[in-house]
Amino acid sequence: MSREPWWEWDAPRERWLLTEQDCNGWPRSLLLEVCARIVFPTVLVLSVYLLFAGHDNSGGGFTGGLVAGLAFVLRYLAGGKVELTAVVRVRPPVVIGAGLSIAVITALVPTLFGLPVLTTDVWQFGPVKLATSLFLDVGVYLLIVGVVVDLLGTLGVSLEEDR
């Protein structure tokens, strides 16, 4: 049997939000942090929609990557580098390298078949069409997200240290 009082049985074991002041002494806004945590997944889903809708409608890898980067900027504004490191598990140079590799490989694969660079083919899987240029867009998406997160990590943290 637990020795804690019954009114503490359902109390959270870990804090969902950080303290009012983080380690750098920046004033924190509870409203901004809660809104950022609610809006963040929605903006990421919108960015993935823009990535996939880019072939038939406006959007694509660059637009989707910028929208995803704005989601990370919002999390950074809400909580600083502490919040950004809690969200980003992979180092930004790895994401940049993966995106650049995917984009370059996608661009050069048609040359193996004697076609010009960036030639696109469309595959039909029942009602679903898949264009090979989607892989290029995924590479550009990862590249843009990695660059934005890397800029936040380097420039933003250096601005916090100057404070």
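Look at the alpha carbon pairs under 8 Å that are at least 6 residues apart: their mean separation over the length of the range 46-163 gives a relative contact order of 33 percent.
Working note: Karplus 6.51/-1.76/1.60 with θ = phi - 60° gives the range 29-45 the couplings 10, 4, 4, 5, 5, 5, 5, 5, 5, 7, 7, 3, x, 5, 5, 5, 5 Hz, where Gly and Pro are set to x.
If you take the Cα Rg of the range 32-163 and divide it by 2.2 N^0.38 Å, with N the number of residues, what do you get? Walk me through the numbers before you get to the answer.
Details: Rg = 17.0 Å, N = 132, 2.2 N^0.38 = 14.1 Å.
Taking N as the residue count of the range 32-163, the ratio is 1.21.
Of Asp121, Asp137, Asp150, the residue with the largest accessible area leads and the full order is Asp121, Asp150, Asp137 (1.4 Å probe).
The values are calculated or read from the model by the stated rules, or taken from the named source; none is laboratory data. This one's a predicted model, so the numbers in the text were calculated from it and none came from an experiment. Heavy atoms of the whole protein, side chains included, go into the accessibility calculation; ligands, DNA and RNA do not. Shrake-Rupley method; radii C 1.70, N 1.55, O 1.52, S 1.80 Å.
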